Structure formats: C-alpha cells, structure tokens
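The values are calculated or read from the model by the stated rules, or taken from the named source; none is laboratory data. Just so we're clear, the structure is a prediction, and the values are computed from it rather than from any experiment. Glycine also receives a Cβ, built like all others from the backbone with ideal geometry; neighbour counts cover every protein chain displayed. Just the protein is used for accessible areas: all its heavy atoms, side chains included, with ligands, DNA and RNA removed. Shrake-Rupley method; radii C 1.70, N 1.55, O 1.52, S 1.80 Å.
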Amino acid sequence: MASHTSKGLSASHAAPRQKSIRHVVIMGASGVGKTTVATLLAERLNVPFAEGDDYHTDYARSKMSRGIALTDEDRWPWLHRIRTWMDEQELEGHGSVIACSALRHCYRDVLRGTSGNVCFIELDLDPAMAENRMTQRTGHYMPVSLLKSQLATLEPLQSDESGCIVAAQWPPERIIDAVVTWLASRDK
C-alpha cells in the first residue's frame, strides 16, 4: 500500500523504471479533477495531453450516460486504445500526460504495457466533494449515479506501482507543484 505523509501526498515504494520516455496517468474516480490536473500538468511538462474519455466508444458513452456502469469487457479495448496513443507519443520521441480513471490494478497493467516509463498520480477526494463537483459540471455524459460504482471499483495504488496519491481538494496549481516535485524526486 502507498505510504502517507502529512502533506496530503503519499508515494508508492516501487522503484522507478529506468526509461527515457515518461507517461503520467492522472487517475481516480469521476469528479476528482483528472482533466483539469492533467491538462495543467501537460502544459507544465510541455508534453501532449490525452483525455481518456475521448477513447471511449459511442456505445460506452451512451451506456454510462444512461447510468449503466462499464464492465471489464467494455474497458479493455478502451485501455488498449489509450496505450496505443501512448506508444504513438513514444514513437514521436516524447512522453505524455493522460487523464484516465485507471480504477483497477489490472487496468493500470494494460497502460504499463507501453515501452515507456508509466507512473500514476491518484487524485484522492472525499466522495461528497466529488459528487458536488459532478453536479456542478455541464456537458459531461457521466451521471453522478455512477460515482458509487467507480468508488467501489477503485483499487488504490499499491506498493508495486510507480505513483503517488495526492489530496485532490487542493487548488490545481498546488497539486501540479506537488506532482512536479514528486516526478523530479523520481529522476534522481
């Protein structure tokens, strides 16, 4: 399990893989701020950004918009499409930042299948705060009713995974600063 610190940041103990290309996956349940954080982090790192939701099929989006949780069978092709995008970024010679729920360890295994170094930043937020954020956003197909399902599916980062857990109630810039500091510590 990840170790917790008093600053709202906890880190996995897995040793970093020594690879030149790094992909950072901003993960967590709906409403924790994945897209906001991932977009800002990609800008700060000057690497391409991908919104994982863009890789869902119309069928999957329709299913979720009706309040039906995705199954593993729905998610496997989606995760492989995201990993293919990561591979394409590597071929272009750069890393990336991806906003992707990556709720289960086995889902993260698919993303780790790329040849680059993949680390996960889990955004941790009180479920009531995530629900409140979801009710305030517009134009998103994910209904609040699926938050409980996502939270039940979520497997926090484990000690064998490269990543850290960040308190998502922080302002986005503070989260980005914490993530950039953590990433720099992994480069030493």
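Values computed for the structure shown
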read-out: Directionally averaged shadow of region 23-131, computed from the convex hull of its alpha-carbon atoms, nm²; value: 6.8
read-out: Packing-based ranking, highest mean first, of 90-99, 22-31, 54-63 given that Cβ atoms within 10 Å are counted; value: 22-31, 90-99, 54-63
read-out: Reach of LYS63 by Cα under 14 Å, taken over aspartates and glutamates that are not fewer than 8 positions away in the same chain; value: ASP53, ASP72, GLU73, ASP74
read-out: Vicinal HN-Hα couplings computed from phi for region 102-112 (Karplus, 6.51 cos²θ - 1.76 cosθ + 1.60; Hz; Gly/Pro x); value: 6, 5, 10, 4, 5, 5, 5, 4, 4, 5, 5
read-out: Where region 30-139 is the region considered: accessible area per residue in Å², 1.4 Å probe; value: 45
read-out: Share of carbon and sulfur in the accessible heavy-atom surface of region 31-75 [1.4 Å probe, %]; value: 49
